[in-house]
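Have a look at the structure below before the remarks.
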Amino acid sequence: MNRYHVIIVVLSLLVLCGCVSHPQTAEEFRNAVPGAFLAKVETFEVERPFSQVASTFQKMGPSCLSKTIKTTSQTTTSYQVIVTTYKPTVMVTGKKAELHLQQHHDQGVLNVSKEPDGGYYLLVADAQPVTQTKTRIDLYRPSMGHSVLI
């Protein structure tokens, strides 16, 4: 490949990177996940009243998911350090509880599109009452990786 071809490839990649956009809100994330590569929607019901599920989101979401993680990888040709901060947000109304998890890379990752306030959306969980003792969960999540989170 000559220098001309390399320049064309690099310029094409830069143009394509400008076309990439990430969801800027939880609603945009919900709408994007069903058609996204490596993401899925999972729906299930739990035998717990909605009020208990909402309370668990409020109590455990921030305490379990507000974390900053540092990962280091090294091969014979490279060394990489990535620092990521995870930010949970919980919103509860009488008929719906939402848990949003966003991630912001503090170090080691180059952003190619506009990052929403709080970071890129990684997971959205919606809970709605089905009966007095049963709650439906809609989980918008990655289909690969992040198994510890899921």
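The values are calculated or read from the model by the stated rules, or taken from the named source; none is laboratory data. Please read these numbers as outputs of a predicted model, since none were measured by experiment. We place every Cβ from the backbone using ideal geometry, glycine too, and count neighbours over all the protein chains shown. With ligands, DNA and RNA removed, areas are computed over all heavy atoms of the protein, side chains included. Shrake-Rupley method; radii C 1.70, N 1.55, O 1.52, S 1.80 Å.
Numerical summary
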item	result
At R0 = 41 Å, FRET efficiency that the Cβ-Cβ distance of Thr76 and Thr43 yields, to 0.05	0.35
Net charge of Cβ neighbours under 11 Å - reference Val46; Lys, Arg +1; Asp, Glu -1	+1
Rounded to the nearest 20 debye, dipole of the range 106-148 from Cβ charges on Lys, Arg, Asp, Glu	260
Semi-axis lengths (Å, descending) of the ellipsoid that matches the C-alpha gyration tensor of the range 45-133	34, 13, 10
Options [x] 16.4; [y] 17.6; [z] 17.2 - which one matches Kirkwood radius over Cα pairs in Å as calculated here	[y]
Rounded FRET efficiency, nearest 0.05, which uses the C-beta distance separating Met91 from Ser113 and R0 of 25 Å	0.50
Inter-probe distance in nm under a simple model that places probes 7 Å from Cα toward Cβ, at Ser63 and Gln128	3.0
Charge sum, other residues only, whose C-beta stays under 11 Å from Thr133's C-beta, Lys/Arg counted +1 and Asp/Glu -1	0
Rounded to the nearest 20 debye, dipole of the range 54-150 from Cβ charges on Lys, Arg, Asp, Glu	300
Probe 1.4 Å, accessible area per residue of the chain, Å²	65
Asp106 - accessible surface, heavy atoms, 1.4 Å probe, Å² rounded to 10	80
Carbon and sulfur %, accessible surface of the chain computed with the full protein complex present, 1.4 Å	59
Degrees separating the helix 50-65 axis from the principal Cα axis of the chain, which is the longest one	40
Protection-proxy order for peptides 138-150, 89-101, each taking the mean of Cβ atoms within 10 Å per residue, highest first	89-101, 138-150
Number of Lys pairs (Cα under 28 Å; 8 or more positions apart or on different chains) in the chain	25
With Cα atoms, 0 to 90° folded angle of helix 3-19 axis to the chain main axis	20
